[in-house]
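Here's the structure we're looking at; comments come further down.
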């Protein structure tokens with residue numbers, strides 16, 4: 001056997017690059033992660049909690065904020081994929097992302113991402129209260145810092161992702177001038193931390209003992225620590241929600257049933273049901289867990305109905 005033949009046998013075989021398919025516009029849309037946009041409906045959380053959701057002014061303002069937040073999130077995804085294009089090409093799954101596959105040139109991804117990241121806060125400053133533009137700017141800056149370095153820092157990566165969810169929940173109230181209660185912020189923040197840490201825990205369990213982890217930081221966390229975080233966050237979220245539900249707050253009770261107190265049951269059941277997937281290590285993307293599990297979706301609908309009745313004081 002010749003030396004050339006020996007070298008060929010010893011050299012690792014690299015998979016061929018994926019074929020480039022689709023248009024540039026389609027690639028940009030895929031890079032913007034439309035599947036993740038469902039998270040942005042959290043912009044309606046504060047107005048819904050305050051009973052300020054059912055007016056044309058509120059709906060129009062929230063629709064605008066939803067579009068602007070989605071644009072900011074898309075900007076971050078575009079910049080992130082452009083920055084990680086080389087690394088993604090060596091990954092068996094991420095190599096099919098439009099930027100890594102060459103469907104969207106790196107320069108175009110940077111340009112479109114930068115444009116969206118600048119345009120959305122500028123439009124918010126023109127059409128919305130100043131706090132909206134400030135929150136959008138902070139979100140873009142924080143997420144870009146996460147893409148560059150913070151995703152490699154223990155604990156801070158969990159804090160940044162959690163804060164992104166909290167900003168979504170806050171911005172609707174800021175847009176409509178609705179005061180944000182301490183219980184709303186605590187429940188939302190720790191509820192988000194519960195889902196984020198449960199996702200990390202599930203990823204860590206799947207990757208245990210696997211060489212070449214795709215998310216290097218997960219190798220520095222222990223599954224015991226991540227389990228502690230999601231259990232702590234779940235407990236604080238439940239406690240804060242129960243304190244809100246049991247607080248009188250000077251609201252006259254003319255409803256047929258104490259819907260606020262009864263909604264605690266549905267909320268706790270939802271947390272317990274979600275914890276089943278976290279414990280099994282199958283709590284991936286939160287939207288996938290909620291939409292694919294029918295009992296959890298049903299519990300969510302029951303909770304939403306009780307919450308709505310409580311806000312309407314029926």
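To the nearest 10 degrees, how steep is helix 130-148 against the longest Cα principal axis of the chain, on a 0 to 90 scale?
Compared with the principal axis, the helix lies near 30 degrees.
Any number yet on Rg/Rh for the chain, C-alpha, Kirkwood? Numbers along the way, then the final one.
Working: Rg = 22.3 Å, Rh = 21.6 Å.
Result: Rg/Rh = 1.03.
Only helical DSSP H runs with n ≥ 4 go in: add -39500 (n - 2.57) per run for the chain, normalise by residue count and round the 222 nm mean residue ellipticity to 500 deg cm²/dmol. Mind dumping the intermediate values first?
On the way: 14 runs with 219 residues, N = 314.
The helix-only estimate for the chain comes to -23000 deg cm²/dmol at 222 nm.
Full-extension gain between residue 63 and residue 312, please, as 0.36 nm times their residue separation minus the C-alpha to C-alpha distance.
Numbers: separation 249, 0.36 × 249 = 89.64 nm, distance 2.22 nm.
This chain segment gains 87.4 nm when fully extended.
Which order, highest average first, do 65-72, 231-238 follow once you tally other Cβ atoms within 10 Å for each residue and take the mean per peptide? Let's see the in-between values first.
Details: 65-72: 21.9, 231-238: 18.8.
Those peptides, ordered most packed to least, come out 65-72, 231-238.
Go through 126-135, 95-104 and give me the packing order, highest mean Cβ count within 10 Å leading.
Numbers: 126-135: 16.9, 95-104: 21.5.
Going by the mean number of other Cβ atoms within 10 Å, highest first, we get 95-104, 126-135.
Taking the square root of 5 times each eigenvalue of the Cα gyration tensor, what semi-axes in Å does the equivalent ellipsoid of region 118-186 have, largest first? Don't skip to the answer; put the middle values down first.
Numbers: eigenvalues 107, 61, 6 Å².
The three semi-axes for region 118-186 are 23, 17, 5 Å.
Sort 289-300, 165-176, 38-49, 137-148 by the packing proxy (mean of other Cβ within 10 Å over each peptide's residues), most packed first.
Descending packing order for the listed peptides: 165-176, 38-49, 137-148, 289-300.
Can you pull the one-decimal nm distance between simple spin-label points at residue 272 and residue 56, each 7 Å off the Cα toward Cβ?
4.6
Could you list the square roots of 5 times each eigenvalue of the Cα gyration tensor of region 22-180, that is, the equivalent ellipsoid semi-axes, sorted largest first and rounded to whole Å?
Working: eigenvalues 176, 58, 36 Å².
Equivalent ellipsoid of region 22-180: 30, 17, 13 Å, largest first.
What do you get for the angle between helix 182-207 and the principal long axis of the chain? Use alpha-carbon atoms, 0 to 90 degrees, nearest ten.
In the chain, helix 182-207 runs at an angle near 30 degrees to the longest axis.
With the crude spin-label approximation of a point 7 Å out along Cα→Cβ, what separation in nm comes out for residue 152 versus residue 125?
Result: 3.2 nm between the two label points.
So if each residue of separation counts as 0.36 nm, and I subtract the Cα-Cα distance between residue 223 and residue 239, what length gain in nm does that give? Mind showing how you got there, number by number?
Numbers: separation 16, 0.36 × 16 = 5.76 nm, distance 2.43 nm.
Once the chain is fully extended between residue 223 and residue 239, it gains 3.3 nm.
What is the angle, in °, between the Cα long axis of helix 106-127 and the longest principal axis of the Cα atoms in the chain? Nearest 10 is fine, range 0 to 90.
It is inclined by approximately 20 degrees.
Only the coordinates and a few stated rules stand behind these numbers; no lab work does. Because the structure is a prediction, the values reported are computed rather than measured. Cβ coordinates were reconstructed from backbone atoms using ideal geometry, including for glycine residues, and neighbour counts include every protein chain displayed.
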